[in-house]
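What follows is one structure encoded as structure tokens, with my remarks underneath.
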Amino acid sequence: MFGFFKRGSKEPGRLRIEPLGVDIEVLASQSVLQAALEAGVDFPHSCKVGTCMACRSRLLSGKVKAIRDFSYVLSAEELKAGYILACQAKVAPGEEITLEVDIDSRRPHFHQMTCQGRITAQIPLTHDIVELRLQIDQPLEYAAGQYAAVRPAHIERAREYSFAAAPTPGGDRALGFFVRLTPGGQFTTWLFAESRVGQMLEVTGPGGDFWLRPAPAPLLLVAGGSGLAPVLALLEEAARAGVARDAVFLFGARTQGDLYKLDAIEAIGSRWAAPFQFLPVLSHEPPDSGWTGARGLVTEFLTASHVAQLASRHGYLCGPPPMIDAALAVLAAAGVADRDVHYDKFLDASNLSR
Ligand code: FES
């Protein structure tokens, strides 16, 4: 399956995407996913760093070169069947490939666009998370759970943040994100240094493959840190739509001071059209603080005794990679099928991504 670039060829690679019937060029500097997104193709993706498998697609013809070996992520059967990760694949100059993309027909499709936004508010939520509110110059449509990339003009690399509110049909001009201060992160260091209200940001979105799949199964939602944003958006939209699925929502934080938006969660729970259970779990709360709620790692509470019908739930997980990886292992052991678990890993600045 893997090939090497033909030295000396100046021709870009060519990519045909089925079943969309789209033909695009792929430059030597681009991944297959990058080329597709920059050509305006709504290619399924989320993490862009080879961990979420949202960009998994099947190579029907031609050869690709792996940027990072995806045999660690894809199974032997998938590799044998020709599956690759588009975010981790390049096309050699002059090479022609055909990829088959698994498009979920229920997946929301919104045109990705770039616009300018002014910061209208920067509201502290915890000691290291702020709610960043923007007013953009044209309505942006997105699905609850998706994200946008934002950057001020003086910073080259955009950072991606999930929309923290349910979208309005037809698009929104007012956007909100939960932004966590990441040590060494250029954007958050700038943002947290002083009030940036009135400053302009470039906004590109929407992106990501985290959205609520319609199904009758009960829900399990797990969020950690600023991973609350997409889960809150997803719950708010579902509550608004009258989704009547039993829901259990576990929110992991370090201390009581790291819990936020509890009033919004309570408001969603009170109008949820089915049983709704919210369980905040604190990992570093001082023993003498008077906290009588759950203590430990949020993943320690993914057990049948804490979550009824655990094996039959559809999981939606958002937060730091160790939390997601631990939750995936626990859910797999509990019998939850892989296809029923969706997640969005929030990486910190050291990972140079989300
Ligand atoms: S693995 Fe490619 S977008 Fe996540």
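The values are calculated or read from the model by the stated rules, or taken from the named source; none is laboratory data. In this text, all values refer to a predicted model and were calculated from it rather than measured experimentally. FYI the Cβ positions are ideal-geometry reconstructions off the backbone, even for glycines, and counts take in every protein chain you see. The protein model used for the area step is the full one, side chains on, heavy atoms only, and it has no ligands, DNA or RNA in it. Shrake-Rupley method; radii C 1.70, N 1.55, O 1.52, S 1.80 Å.
Key figures
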item	result
Cα-based Rg and Dmax for the stretch 219-351, where Dmax is the largest Cα-Cα distance (Å)	14.2, 42
Residues whose placed amide H lies under 5 Å from that of Val26, excluding near-sequence neighbours	Gly13, Arg14, Leu15
Candidates Gly170, Gly290, Gly198, ranked by Gaussian network fluctuation over the chain, Cα under 10 Å, top entry	Gly290
Centre separation in Å (Cα based) which lies between the stretch 172-200 and the stretch 55-123	28
Descending principal axes extents, the stretch 13-101, alpha-carbon based, whole Å	29, 25, 24
For the stretch 165-285, diffusion coefficient by Stokes-Einstein and Kirkwood Rh (Cα), 20 °C, 1.002 mPa s, µm²/s	131
All-pairs alpha carbon distance profile, the stretch 61-153, 10 Å steps from 0, percent	11, 27, 25, 24, 12, 1
Chain lengthening between Ala66 and Ala337 when straightened (0.36 nm per residue, less Cα-Cα)	94.8 nm
DSSP-loop trypsin sites (Lys or Arg not before Pro) across the stretch 1-101, with at most 11 other Cβ within 10 angstrom	Arg7, Lys10
In sequence order, calculated HN-Hα J values of the stretch 89-103 (Karplus, 6.51, -1.76, 1.60; Hz; x Gly/Pro)	10, 10, 10, 5, x, x, 7, 10, 10, 10, 10, 9, 9, 7, 8
Chymotrypsin sites (Phe, Trp or Tyr not before Pro) restricted to the stretch 34-127 and DSSP loop, no more than 16 other C-beta within 10 Å	Phe110
Of Ile67, Ile324, Ile84, the one that fluctuates the most in a GNM where the chain has Cα springs shorter than 10 Å	Ile67
Where trypsin sites (Lys or Arg not before Pro) fall in DSSP loop in the stretch 117-190, at most 12 other Cβ within 10 Å	Arg157
The stretch 113-207: projected area of the alpha-carbon convex hull, averaged over directions, in nm²	5.6
Rh (Kirkwood; distinct C-alpha pairs) - the chain, Å	21.4
For the stretch 148-208, accessible area per residue (1.4 Å probe, heavy atoms of protein chains only), Å²	42
Rounded accessible area per residue of the stretch 235-354, 1.4 Å, Å²	46
Zero-based 10 Å bins, Cα pair distances in the stretch 19-177, whole percents	9, 34, 30, 20, 7, 0
Within the chain, longest stretch free of exposed GluC sites (Glu not before Pro) [DSSP loop, at most 16 other beta carbons within 10 Å]	195-354
Amide H within-cut-off set for Tyr83, under 5 Å, with H built and near neighbours excluded	Leu59
Carbon plus sulfur fraction of accessible area for the chain, probe 1.4 Å, in percent	52
